[in-house]
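**Q** If you scroll down you'll find the structure; I have some questions about it.
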Amino acid sequence: TEKGGTLSLNSQKINVELPAVFREPVMLDTFTGQVSWGLLTDTDPIEFNFNNIAFANDHAAGVIYGSYRSVPDGPDRIDLSGHLTRADARHVGRYVPTMVSQPVRDWLDKSIVAGELSDVRLHLKGNVAEFPFNHNEHGVFQINAKASGVVLDYLPGWPIIENISADLLFHGSRMEIIASHANIFGASLHKVKLQLADMTESDTVLKIEGAATGATREFIRFIEKSSLGSHANGLVDGVSAMGDGELLLKLDIPLHRPDDIKLVGSYQFLDNQID
């Protein structure tokens with residue numbers, strides 16, 4: 001009626017266009033659930049309730065539920081929760097909100113080569129006009145996920161990071177990846193943290209820090225295979241080593257000018273023989 005209603009959904013091969021949220025249409029293989037809405041008078045807010053909206057495609061599967069309130073001459077408010085049982089990490093860049101800057105989109109599209117996300121939790125609550133609620137106590141935008149088997153090509157020309165097991169967090173416009181395990185060549189990485197402080201800024205900087213342990217010959221190989229080799233002035237040419245070591249590294253990468261990187265680190269040799 002003019003006071004409210006209910007829409008039951010049981011759709012296949014559906015195309016969802018939300019240009020204010022996603023940069024391109026979302027194709028879904030299945031889309032089911034129930035949406036209800038209602039109002040008392042013409043001046044009252046219209047409230048939409050989403051009940052167990054389930055969806056799936058090749059990229060992800062999950063459910064969302066919550067409410068959206070549209071207020072005449074006032075701010076719209078949303079309170080939405082969601083849970084994804086699976087997601088393909090390669091397509092994260094396709095589903096980040098439109099407010100994310102182009103350099104960050106490009107980095108997400110190109111850098112995540114492989115990986116799976118599980119137990120993805122979404123919470124979105126607050127005044128829609130203030131999204132993504134940076135430094136705002138009156139709104140929440142948060143996504144938590146477990147990542148496994150991730151391969152990250154974080155910087156062109158540098159060795160990729162493989163076998164990443166990590167926690168992924170989006171909070172406001174900040175992104176963090178905290179890895180409990182990863183590998184570069186034969187070296188084992190730990191205490192690794194990747195952070196984008198503000199994904200909406202075109203001049204945002206990707207910060208990477210962590211520690212790695214392994215055979216010294218693997219770290220020499222890392223220098224040779226990365227752009228560090230051009231700055232080493234032949235230091236590692238012809239060097240062979242036996243023994244292990246530990247690398248502590250911090251790397252700042254401006255995504256809009258990735259050649260202008262800053263690197264600080266140290267390497268500890270542990271009982272090595274070096275020729």
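The values are calculated or read from the model by the stated rules, or taken from the named source; none is laboratory data. Fair warning: this is a prediction, and the values are worked out from it, not measured in the lab. Here the Cβ is made from the backbone with ideal geometry for all residues, glycine too, and neighbour counts use every protein chain on show. Protein only, heavy atoms only, side chains kept; ligands, DNA and RNA dropped before computing areas. Shrake-Rupley method; radii C 1.70, N 1.55, O 1.52, S 1.80 Å.
**Q** Counting only the backbone N, which residues of segment 1-41 are under 13 Å from the spot 7 Å out from the Cα of V128 toward its beta-carbon?
**A** Taking a point 7 Å out along Cα→Cβ of V128, the residues of segment 1-41 whose backbone N falls under 13 Å are 18-22.
**Q** Fully extended, how many nm does the chain gain between F269 and R121 (0.36 nm per residue separation, minus their Cα-Cα distance)?
**A** The span from F269 to R121 would gain 49.1 nm if fully extended.
**Q** Of the candidates A179, A20, A60, which one comes out as most mobile in a Gaussian network treatment of the chain with C-alpha springs shorter than 10 Å?
**A** For the chain, modelled as a Gaussian network with Cα springs under 10 Å, the answer is A20.
**Q** Excluding ligands and nucleic acids, what accessible area in Å² is computed for W37 using a 1.4 Å probe, to the nearest 10?
**A** 100
**Q** Report the Cα-based extents of the chain along its three principal axes, largest first, to the nearest Å.
**A** 85, 34, 27
**Q** On to the next question. Residues with amide H under 5 Å of V192's amide H, sequence separation 5 or more or different chain, H placed in the peptide plane at 1.01 Å from N; which?
**A** A179, A211
**Q** Right, another one. Over segment 1-49, what is the mean sequence separation of C-alpha contacts under 8 Å (at least six apart), divided by residue count, expressed as relative contact order in percent?
**A** That works out to 39 percent.
**Q** So, one more: Applying the Karplus parametrisation 6.51 cos²θ - 1.76 cosθ + 1.60 with θ = phi - 60° to the phi angles of segment 21-27, what ³J(HN,Hα) value in whole Hz is obtained for each residue in order, glycine and proline being reported as x?
**A** Going residue by residue, I get 10, 10, 6, 8, x, 9, 8 Hz, with x marking Gly and Pro.
**Q** Solvent-accessible area per residue for the chain at a 1.4 Å probe radius, Å²?
**A** 56
**Q** Let me ask something additional. Where the centroid of each part is defined by its Cα atoms, how far is segment 1-59 from segment 242-275 in Å?
**A** Taking the Cα centre of each part, segment 1-59 and segment 242-275 sit 49 Å apart.
**Q** Follow-up question, since we're still on this one. If we count every other residue with Cβ under 14 angstrom of D119's Cβ, Lys/Arg +1 and Asp/Glu -1, where does the sum land?
**A** Local net charge: +1.
**Q** Which residue, T204, T213, T41, tops the fluctuation ranking in a GNM of the chain built on C-alpha contacts under 10 Å?
**A** Result for the chain, Cα springs under 10 Å: T41 fluctuates most.
**Q** Also, I was wondering about something else. On a 0 to 90 degree scale, rounded to 10, what angle separates helix 102-111 from the longest Cα axis of the chain?
**A** 60
**Q** Further, regarding this structure: Give the calculated FRET efficiency between T213 and T85 to the nearest 0.05, with a Förster radius of 35 Å applied to their Cβ-Cβ distance.
**A** 0.55
**Q** Let me ask another. All other residues with a Cβ under 13 Å from the Cβ of I274 taken together, and with Lys, Arg as +1 and Asp, Glu as -1, what is their net charge?
**A** -2
**Q** Tally Lys and Arg at +1 and Asp and Glu at -1 over the other residues with C-beta under 10 Å from the C-beta of L84: what net charge comes out?
**A** In short, +1.
**Q** Follow-up question, since we're still on this one. Assuming a strict under-15 Å limit between Cα atoms, what lysine pair count do you get for the chain once near-sequence pairs (fewer than 8 apart, same chain) are dropped?
**A** Step by step, the pairs that qualify in the chain add up to 8.
**Q** In whole Å, what is the distance between the alpha-carbon centres of segment 69-90 and segment 149-176?
**A** For segment 69-90 versus segment 149-176, the Cα centre distance is 25 Å.
**Q** Remind me, relative contact order of segment 89-244 in percent, using alpha carbon pairs under 8 angstrom and six or more residues apart?
**A** 16
**Q** Only Cα pairs within less than 10 Å get springs; with that Gaussian network setup on the chain, which residue of I178, I14, I64 has the largest fluctuation?
**A** I14
**Q** Given an 8 Å cut-off on Cα distances and at least 6 residues of separation, report the relative contact order of segment 31-121 as a percent.
**A** Reported as a whole number, the value is 22 percent.
**Q** Ignoring ligands, DNA and RNA, what percent of the accessible area of segment 88-157 is carbon or sulfur (1.4 Å)?
**A** Answer for segment 88-157: carbon and sulfur cover 53 percent of the accessible area.
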